[in-house]
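Note sheet for the following structure.
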Amino acid sequence: MDAELGAGPHERISQGVLELVAWKAARQSFADASEDLLHCHGLSVSSSEVCRIAHVEGKRAREILAEREERWSEPVASGRPVFPPEIDARRLCLEVDGGIVLTRGGEEHKTVWVGRAFDASCRGRDGSGRAQLSDSRYAAIAGDLAEFGPSVDALANRMGARSARAIAVVADGATGLWNLLSERLPGAVQIQDFWHVSEHLHALAGDLCGAGSEKARSLGDHWSNELRQGRVGAVIDELDEEHRRRRGRTRERLRQEMAYLDAGRHRMDYPRYAAEGWPIGSGAVEGACKHLVKERFGLTGARWKRKDLPHVLALRTAQFNGEWNLLWHDAA
């Protein structure tokens, strides 16, 4: 029977059941996975055993995926043949964002960095006119930005960065993130998420005119429209005039927003980006943060050990990238 099930002489669970447990643990809480296994599959696996399997198999998945990332991120002159891309994107777009995962008491909450890459020339439209991506790949790491750098390299190269006709990167205004992207993809078109900048301007209008007021909404809309038309310099000039009239905290608030806009103005040529077919917002990666990270790690009441995050994250990333069979069948 062990031979038929694929179980080794010292294993309590067959390979097929291990795979099923790991799959469910990556998509729902360990307690829910335990109940699902019992009611849907007739398998009695405790939540603590589901947790153990998720971390053991997640660690194995992380090692396999890390090896693949290392191959994709190798320089051409490494002495080994270049690891071939999965997709040869003509116009490669890479969006990057971060999300916070709540951790247990005594541990600082952890940032999970997420990248999503796709071919901008293959974007379609749904019935509402919203952009739809035909295919994309993901990278995610529960670590700092320095650790995320090689994952950015690997994600770009697995999507054909070495032969792409053009490359663009989209992110919010975090300085550290732009430093990383400038280092890793120095020739890429840099686009600062329009909606993030627009939120900044609407918040400032609320501070000046009263949050929620009609005057604040009108002023915020005016600044956002100027920004959308590529007139960020005109917005800065208006803020400068306001800055000269104000005093105290409001004056300092205006100074900070002017500095923010000035630091990123070379990434805010939105009419050109739109004309060239690039997205001006980071909605694709924000969706990835929601579905890849928050849907599993942000469950109500969930608190994670920092050391356990990478294991379950590796399993989920494999699911999103279509690499699951690589972990279980191709590696067998």
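The values are calculated or read from the model by the stated rules, or taken from the named source; none is laboratory data. These numbers were taken from a predicted model, which means no experiment stands behind them. When we count neighbours, we look across all protein chains shown, and the Cβ atoms used for this are built from the backbone with ideal geometry, even at glycine.
The set of residues from segment 149-181 being assigned to a helix (DSSP H, G or I) and among the polar types (S, T, N, Q) comprises SER151, ASN157, THR175, ASN179. Cβ-Cβ distances below 7 Å connect the following pairs, each with a first residue in segment 13-25 that is of a type in the set (Lys, Arg), a second residue that is part of a helix (DSSP H, G or I), and a separation of six or more residues or different chains: LYS24/ALA33; LYS24/ASP36; LYS24/LEU37.
Residues are listed down the side, and each one gets a yes or a no for (1) free of Cβ contacts under 8 Å to residues at least 60 places away in the same chain; (2) closer than 26 Å to LEU204 by Cα; (3) surrounded by fewer than 19 Cβ atoms within 10 Å (Cβ to Cβ):
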| residue | (1), (2), (3) |
| --- | --- |
| ARG244 | yes, yes, yes |
| ILE280 | no, yes, no |
| LYS294 | no, no, yes |
| ALA314 | no, no, no |
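Number of residues in segment 69-85 that are crowded, with 16+ Cβ neighbours inside 10 Å, closer than 28 Å to ALA22 by Cβ and not aromatic (Phe, Trp, Tyr) equals 4. Is there a residue being at pLDDT below 95, surrounded by 15 or more Cβ atoms within 10 Å (Cβ to Cβ), over 12 Å from the mean Cα position of the chain (by Cα) and assigned to a loop (DSSP other than H, G, I, E, B) anywhere in segment 96-103? Scanning segment 96-103 turns up no residue that is at pLDDT below 95, surrounded by 15 or more Cβ atoms within 10 Å (Cβ to Cβ), over 12 Å from the mean Cα position of the chain (by Cα) and assigned to a loop (DSSP other than H, G, I, E, B).
Considering every residue within segment 2-15, establish whether at least one is modelled with pLDDT of 95 or more and surrounded by fewer than 20 Cβ atoms within 10 Å (Cβ to Cβ). No, segment 2-15 contains no residue that is modelled with pLDDT of 95 or more and surrounded by fewer than 20 Cβ atoms within 10 Å (Cβ to Cβ). The number of residues in segment 282-332 being basic (Lys, Arg), touching a strand residue (DSSP E or B) at 6+ places or on another chain (Cβ under 9 Å) and closer than 30 Å to VAL197 by Cα comes to 2.
When restricted to residues that are in contact with a Pro (Cβ under 8 Å, 6 or more places away or on another chain) and either over 30 Å from PRO279 (Cα atoms) or not in a helix (DSSP H, G or I) (or both), segment 60-94 contains 2. Tell me whether segment 141-162 contains one or more residues that are surrounded by 15 or more Cβ atoms within 10 Å (Cβ to Cβ), in the same structural domain as THR317 (by TED's automatic domain parsing) and aromatic (Phe, Trp, Tyr). Within segment 141-162, one or more residues are surrounded by 15 or more Cβ atoms within 10 Å (Cβ to Cβ), in the same structural domain as THR317 (by TED's automatic domain parsing) and aromatic (Phe, Trp, Tyr). Counting residues in segment 221-242 that are loosely packed, with under 13 Cβ neighbours inside 10 Å and in contact with a strand residue (DSSP E or B) (Cβ under 9 Å, 6 or more places away or on another chain) gives zero.
Beta carbons closer than 8 Å, at least 6 apart along the sequence or on distinct chains, pair a first residue in segment 73-88 that is modelled with pLDDT under 85 with a second that is loosely packed, with under 14 Cβ neighbours inside 10 Å for VAL76/ARG162; VAL82/VAL76; VAL82/ARG162.
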